[in-house]
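Since the structure comes first, as structure tokens, the remarks are kept for the end.
The values are calculated or read from the model by the stated rules, or taken from the named source; none is laboratory data. Just so you know, these numbers come straight off a predicted model, no measurement behind them. Neighbour counts are summed over all protein chains in view; Cβ atoms, including those assigned to glycine, are modelled from backbone coordinates with ideal geometry.
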Amino acid sequence: MTAVATVLTGRALARRRMRRRLLARPLSVIGLIGTLVAIAVALFAPLISPYDPAATDFGSVLAAPFHGAHLLGTDQLGRDVLSRMFFGARTSLIAGVLATVLGTVVAVPIGLVAGYFRGWVDTVISRLVDVVLAFPFLIIAVGMAAILGPSLSNVVIALGVGQIPVVIRVVRGEVLAQRELEYVQAETVNGTPSGVILFRHILPNISNAIIVQASVAVPTAIVGAAVLSFLGIGVQPPTADWGNMLGDAQGYLAQAPWLGVFPGVAIFLTTLSFNLLGDGIRDALDPRSR
Amino acid sequence: MNGRPVLGVTDLRVRFDTDDGPLLAVDGMSFDVHPGEVLALVGESGCGKSMTALSVLGLQPPNARVTGSIRLGGREILGLESRALRSIRGREIAMVFQEPMSSLNPVFKVGRQIAEVLRKHEKMSAAAARRRAVELLELVRVPTPERVVDEYPHQLSGGMQQRVMIAMAVACDPKLIIADEPTTSLDVTIQAQVLEIFRRLRDRLDTAIILITHDLGVVADIADSVVVMYAGHKMEQAPVMELFERPRHPYTKGLLGTVPRAGLSGTRRELVEIPGSVPLLRSAPTQCVFADRCAYRQDDCRAESPVIREIGVAAQVACLHPVEVVVRS
Amino acid sequence: MIGRVGVRISTSLLTLFLASIAVFLAVRALPGGPAVALSAESGDPGVIAAINRKYGFDQPVVVQFFRWLGLALRGDLGTSPNSGLPVGDVLLDRIPITLELSVLALLVAVVIGVPAGVLAARRPAGTGDFLASTVALAGLSIPHFWFGILLILGFSVGLHVLPAAGFVPILVNPLSNLEHLLMPAIVLGTGFAAIVMRQTRSAVIDALTSDYVRTARAKGLSEWVVVGSHALRNSLITVVTVLGLQLGALIAGVVTVEQVFDIPGLGKLTLDAVFERDYPTLQGVVLLTAAGYVIANLLVDLSYTLLNPRVRVLAGVPR
């Protein structure tokens, strides 16, 4: 028991070191800043948007950016692009973060069980994971959207479900490695119940791997949500979403090219920030992996 | 063993700048090799013999600093620019490495790897190079060379792989072959065969050979002269018979003590190990590098690092108090 | 090796079977059942009952499934209720198009990614490496479809050199065919180029520290030959494996790219089928996709054995 306590204290020290390592690399700091900006925009969208994102104005349809009242122009229904971009941050971030949380929360226990208890439970779970992974994620998402209908919550569900097999694999792999280590053998010999071993001992030790996986999953989910909305099976207009803004823009590329540029820039910058931050987290947690 | 030396090395120093400070792998090595001479470079692991060999060809790691003089037939090749060095490698000086399995490219056929040298240096066509590769395999006594030439390294045994390496080395008829522990990873019977090939190269083609080894049995078998190395320094150099009969440096004496020999009663003597291990030099030594392990150490051995000097017939030793004991084997 | 391949094939077949079950069930999980959509949502129970009888939706699911599977194995995937055309024919029409697009995309990925990876590996942590890695990271962060839109804006709307959408079959007009597929292939390919570059880079860095590279240098071979031939050849195995793992992402990318550039391939077909509630087509496409994916993975495995002579030779007895 004392051994575990010392490990935890050591981990608090390690966390401080990790934070320092994270902030040391300029790219990671840029990523962190970008991520915080995106979150801030999403949170304060109503406060900083000059217009109501759903307000149409048929008087100034497809207005050019930088030329008048609308900083980034308007779309085919006269809605202000800038405001829609700010509100779009909400749907993207919600989708990305919630989907990842959903996927992680569901998958981690399954992975723990599969990796620790092995046997037929593990075999069944692993086969199922293989089958699901045999399907390219988008097909599954498209299928689910067909069944559930397009909406933000269904996007979150589809993306979250899509992450489950991957997270299961990662967690299972980590558990397989951990259960061979001495501290696990020691606890088993002591008669500690499996549940306690799994959640009190193994889980904290694999939390790094889970965090790293999540840090990669969030930007992927953000892009995934954008793709689904773009294809028309995600967030539907009039709700402002970067993906469906680009989808709408397709029909007006010749007259209003900016409609195809700005939402994409938003997706790109947000994804890049998360990716840089994720890289930084990965390095901070395990500097050897570079 | 006469005439102008093929390779002349003077005051070779190889220095590494590591995170923990500088490391002197080789500190003042000098020797000459003549046509048809087998020079054995002997010492324990870590004494710098491999680094000496790699430096000759300019193959030392990028963080190594090499100073001194390396002359190939009178021409200075240390510090030569890449293209000139590359025309020497494989053509005038060739190298055979210790682990043939990992030293051969696993995804290319053996014949192609031999032919590569020929096509590069002698500008042969693919067909001609392949034919020559078969001939070279015959030269190194590989059975069914026509078939082996199309095989992959992992399909061959260790001894065969090493022969392929030698064939590769001999392909362009180099003046000097450097063999780094060529028989260490082979069993004794194969060892003898490989050494036989080297012997023939020396006798027939007048090739100079630098044979790096820690195995004195191999030295006794094939070497013409021996350089004993320790912690990057040359401790002793002598013609082979002279070295075995009259070892002068205490280290050499110690090494020879470790060669199992039949005693008068026909039983093996115990392997005498020299206690301690080879030190890592961080800076120019202020004492004899062997002093800490030397059984014959005296006070002044700790005061200065002995310089190599001539002694006896064609022999050199770096010791303040060389041992003059004749050993009968 | 026959044993290994046999195991892989049977695992794949099992996966395929399970996948088809999943598809089948999923399609039937729709609220109201497939009959509702087919009846154009008329809501009239008589119409629905008639449809159920006609398509056999009123049979137990298991019976339906095996009937469908039996037909499918014989090549009859049913008829699309919207277009009236046999699903199998439509699929056959579209396969070559998507195939061509995918092959071109992989070509782009390899042509860009491998040399970039090699160059980055020659001087790790140098400026070239840093640049390449940054570009790769940026490349991974750009959403495919946006990149496609940007290309369209640049080359079609702006410069008028490439067509924005549509497709011309290769047999009709090869040049025009390539014009139409160039941008889609680039969009699809650059995403993988980044991954290929990363993998090539680390594999080549590994190879450069090996003994056989030292031997190659000792033979006096030029650095280009050492890196580009000796090191690279050993790295190809890793690259191919990675490409194989990316096949899933490739399929996803195909759907979006075909949508952006209006290419009549399998991806667009899938999307249209979803919107039009065309279940026979949807089932057929998903089944075909799973089959294609499985076959592609097998091919990757086989190419692995070709690239790695150690695996190829079964019982090479050392002399």
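Out of the residues in region A:229-262 that are under 18 Å from the mean Cα position of the chain (by Cα) and assigned to a helix (DSSP H, G or I), which is farthest from residue A:145 (Cα to Cα)? Outline the logic, then answer.
Step one: list which residues in region A:229-262 are under 18 Å from the mean Cα position of the chain (by Cα), which gives A:229-230, A:234-235, A:241-243.
Retained after the next criterion (residues that are assigned to a helix (DSSP H, G or I)): A:229-230, A:242-243.
Values: A:229: 10, A:230: 13, A:242: 18, A:243: 15 Å.
Top of the filtered list is A:242.
Screening residue B:79 on (1) more than 12 Å from every other protein chain (Cβ to nearest Cβ); (2) within 23 Å of residue B:202 (Cα to Cα); (3) more than 19 Å from the chain's Cα centre (by Cα) shows it passes everything except condition (2).
How about region B:144-178: which of its residues are surrounded by fewer than 20 Cβ atoms within 10 Å (Cβ to Cβ), more than 8 Å from every other protein chain (Cβ to nearest Cβ) and of a type in the set (Gly, Ala, Ser)? Listed by number, the list holds a single entry, B:158.
When the criteria are applied in full, residue B:141 fails the requirement of being in a helix (DSSP H, G or I), surrounded by fewer than 21 Cβ atoms within 10 Å (Cβ to Cβ) and without any contact (Cβ under 8 Å) to a residue 60 or more places away in the chain.
Farther than 29 Å from residue A:123 by Cβ, free of Cβ contacts under 8 Å to residues at least 12 places away in the same chain and away from chain C (no Cβ under 13 Å): does that describe residue A:207? I'd like the intermediate steps shown before the answer.
Numbers: farther than 29 Å from residue A:123 by Cβ: no; free of Cβ contacts under 8 Å to residues at least 12 places away in the same chain: yes; away from chain C (no Cβ under 13 Å): yes.
Considered against the rule, which asks whether it is farther than 29 Å from residue A:123 by Cβ, free of Cβ contacts under 8 Å to residues at least 12 places away in the same chain and away from chain C (no Cβ under 13 Å), residue A:207 comes out as no.
Evaluated against (1) part of a helix (DSSP H, G or I); (2) more than 15 Å from the chain's Cα centre (by Cα); (3) crowded, with 21+ Cβ neighbours inside 10 Å, residue C:221 falls short on exactly one condition, (1).
When residue B:46 is tested against (1) assigned to a loop (DSSP other than H, G, I, E, B); (2) more than 17 Å from residue B:231 (Cβ to Cβ), only condition (2) is not met. Output the residues belonging to region C:130-174 that are in contact (Cβ under 8 Å) with a residue 40 or more places away in the chain, more than 8 Å from every other protein chain (Cβ to nearest Cβ) and farther than 30 Å from residue C:201 by Cβ. Residues satisfying the conditions are C:165, C:166, C:167, C:169, C:170. Which of the residues belonging to region A:233-246 are more than 8 Å from chain C (Cβ to nearest Cβ) and either in contact with a strand residue (DSSP E or B) (Cβ under 7 Å, 6 or more places away or on another chain) or buried (at least 19 other Cβ atoms within 10 Å of the Cβ) (or both)? Those that are more than 8 Å from chain C (Cβ to nearest Cβ) and either in contact with a strand residue (DSSP E or B) (Cβ under 7 Å, 6 or more places away or on another chain) or buried (at least 19 other Cβ atoms within 10 Å of the Cβ) (or both): A:234, A:235, A:240, A:241, A:242, A:243, A:244, A:245. The residues of region A:141-199 that are in a loop (DSSP other than H, G, I, E, B), touching a residue at least 12 places away in the same chain (Cβ under 8 Å) and more than 23 Å from the chain's Cα centre (by Cα) amount to a single one, A:179. Scanning region C:123-141 for residues that are within 22 Å of residue A:264 (Cα to Cα) and not hydroxyl-bearing (Ser, Thr, Tyr) yields C:135, C:136, C:137, C:138, C:139, C:140. Residue count for region B:10-43 under the criterion of being surrounded by 16 or more Cβ atoms within 10 Å (Cβ to Cβ) and part of a loop (DSSP other than H, G, I, E, B): the result is 5. I need a count of the residues in region B:89-108 that are more than 7 Å from chain C (Cβ to nearest Cβ) and not in a loop (DSSP other than H, G, I, E, B). Count: 5.
Results for (1) crowded, with 24+ Cβ neighbours inside 10 Å; (2) modelled with pLDDT under 85; (3) farther than 15 Å from residue A:141 by Cα; (4) within 11 Å of chain A (Cβ to nearest Cβ), shown as yes or no for each residue.
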site: C:245; (1), (2), (3), (4): no, yes, yes, yes
site: C:249; (1), (2), (3), (4): no, yes, no, yes
site: C:261; (1), (2), (3), (4): yes, no, yes, yes
site: C:285; (1), (2), (3), (4): yes, yes, no, yes
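Would you confirm whether any residue within region A:270-279 is of a type in the set (Asp, Glu) and facing another protein chain (nearest Cβ under 10 Å)? Full working, then the answer.
Of the residues in region A:270-279, the ones of a type in the set (Asp, Glu) are A:279.
Next, from what is left, pick out any that are facing another protein chain (nearest Cβ under 10 Å): A:279.
Yes, some residue in region A:270-279 is of a type in the set (Asp, Glu) and facing another protein chain (nearest Cβ under 10 Å).
So which of C:208, C:236 is facing another protein chain (nearest Cβ under 10 Å) and in contact with a helix residue (DSSP H, G or I) (Cβ under 7 Å, 6 or more places away or on another chain)?
C:236
From the list C:291, C:273, the one residue that fits, being more than 7 Å from every other protein chain (Cβ to nearest Cβ), touching a Leu at 6+ places or on another chain (Cβ under 8 Å), crowded, with 21+ Cβ neighbours inside 10 Å and hydrophobic (A, V, I, L, M, F, W, C), is C:273. For region C:175-205, the set of residues classified as surrounded by fewer than 23 Cβ atoms within 10 Å (Cβ to Cβ) and either within 14 Å of chain B (Cβ to nearest Cβ) or not in a helix (DSSP H, G or I) (or both) consists of C:205 only. Of all the residues in region A:172-196, those that are touching a Ser or Thr at 6+ places or on another chain (Cβ under 9 Å) and buried (at least 20 other Cβ atoms within 10 Å of the Cβ) number 1. For region B:278-329, a residue qualifies if it is of a type in the set (S, T, N, Q), at pLDDT 80 or above and over 21 Å from residue B:48 (Cα atoms), and exactly one does: B:298. Summed over region C:97-143, residues that are under 25 Å from residue A:227 (Cβ atoms) and either in a loop (DSSP other than H, G, I, E, B) or modelled with pLDDT of 85 or more (or both) total 18.
Annotation for region A:247-267: at least one member residue is buried (at least 24 other Cβ atoms within 10 Å of the Cβ), at the interface with another protein chain (Cβ under 9 Å from one of its Cβ atoms), in contact with a Lys or Arg (Cβ under 9 Å, 6 or more places away or on another chain) and closer than 22 Å to residue A:34 by Cα.
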